[in-house]
Structure formats: structure tokens, C-alpha cells
Amino acid sequence: MLTIKVFLDTNVLIDVLSAAKRPATEYSSRIFQGIRNYKLEGVMTVQSIVDATYVFRRDPGTQSLFRDKIFQIRNYVNVEPLNDFDLQDALLSGEPDFEDALQVYHAYHARCDYFITSDRELSNRPPFSGMQFCTPGDFVRKIQEMALEERTNGTLTPERTRED
């Protein structure tokens with residue numbers, strides 16, 4: 001069985017760390033649960049943690065809780081640094097949102113099957129070298145459909161095959 005590798009954009013991390021319920025919180029939490037249960041392989045960048053820290057910086061009371069949650073997440077999500085390849089491709093891409101381009105190219109270089117984001121502009125992008133873009137809700141629905149197919153066919157496969 002091939003593991004589905006998902007890239008988690010910063011807003012998906014913020015969904016699960018936020019005390020306030022956000023529109024995609026339930027779906028993002030289900031995705032993290034799938035990663036924690038070894039049904040999915042999760043990837044995010046250190047930059048996402050830095051950006052999420054910036055969002056939560058206003059409330060000093062949440063800082064220790066934030067750090068505890070990040071320590072827990074690191075146990076089951078691959079937290080990776082951005083690298084020179086990501087930077088070079090993002091610079092050459094001409095994408096108007098440079099931060100998004102860095103994340104997209106990191107997901108591409110990490111060979112992710114899905115790029116999960118609550119950013120509507122990003123989630124509506126066409127596939128990029130086989131990597132699908134979708135919202136947390138759309139991804140959870142796709143996984144449910146694949147699980148139904150798995151019960152029928154006996155296999156769970158992403159929409160593309162990675163060369164390993």
C-alpha cells in the first residue's frame with residue numbers, strides 16, 4: 001500500500017493550533033489525526049511554524065501551549081527546512097505570492113501528492129507535476145472516497161504514482 005504524502009500549508013497548522021474555531025478546523029484536525037494514525041505522511045516547513053508563531057504572538061498565555069503543541073506535532077509530521085532548490089524555483093517561477101511559491105516548491109521537491117491549504121487561490125490551482133491542490137474539506141472528502149474504493153478494490157492509492 002502506497003502512503004499518501006500531504007503538504008500542510010501554514011493555515012492548516014493555524015486551524016489546529018487556534019483556540020477559536022475556524023471554518024476548516026474540523027477538517028484540518030481530521031487530517032492531523034490521519035497523520036498521527038500513520039494513514040497519511042505529513043510534511044510542513046519550519047517557515048509555517050514561524051508564521052504561526054507570529055499569528056499567536058499577541059497572547060502570551062498561549063505561548064507555552066503553542067510550544068507544547070508544536071513539540072507534539074513534530075513527533076508525527078515531517079517538519080523540514082526550506083532549501084536552496086525551493087528558493088531558486090520560487091524566484092524563477094514569477095509567482096506573485098513569493099511565500100506561497102516557496103511552500104509549493106518545497107511540497108514539489110518533497111514529492112507530496114497533495115498540497116492542503118485553506119487559501120482559496122492556492123486550493124483552486126490546477127495540479128502541478130501530479131500534485132493536487134485542495135482545501136482541508138475537499139481532501140477529507142477525497143480520502144473518504146478512496147477509503148470506500150479501498151474497501152471495494154482492496155487498495156488505497158493517490159491520484160499519481162511517485163517514483164521511489
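Please treat every number below as a calculation from the coordinates, not as lab data. All figures in this text were calculated on a predicted structure; none of them were measured in a lab. Cβ sites come from the backbone with ideal geometry, for glycine too, and all protein chains shown count toward neighbours.
Structure above, values below:
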{"quantity": "Summed side-chain charge close to Asn75 - residues other than Asn75 whose Cβ falls under 13 Å, Lys, Arg +1, Asp, Glu -1", "calculated": "+2"}
{"quantity": "Summed residue charge, Cβ within 11 Å of Gln33's Cβ, Lys/Arg positive, Asp/Glu negative", "calculated": "+2"}
{"quantity": "Distant-in-sequence amide H partners of Leu82 (H built 1.01 Å from N, under 5 Å)", "calculated": "Val46, Gln47"}
{"quantity": "Packing-based order for 31-37, 125-131, using average beta carbon neighbours within 10 Å, highest first", "calculated": "31-37, 125-131"}
{"quantity": "FRET efficiency for Glu145 and Tyr76, using Cβ-Cβ distance with R0 set to 30 Å, rounded to 0.05", "calculated": "0.80"}
{"quantity": "Rounded to 5, the percent of DSSP beta bridges in segment 2-139 classed as antiparallel", "calculated": "5 percent"}
{"quantity": "Under 21 Å from Lys5, Cα to Cα: lysines that are on another chain or at least 8 residues apart", "calculated": "Lys39, Lys142"}
{"quantity": "Placed amide H near Val77: partners under 5 Å, 5+ positions off or other chain", "calculated": "none"}
{"quantity": "Phi to ³J(HN,Hα) by Karplus 6.51 cos²θ - 1.76 cosθ + 1.60 over segment 39-53, Hz, x for Gly, Pro", "calculated": "8, 9, 9, x, 9, 8, 9, 4, 4, 5, 5, 4, 5, 5, 4"}
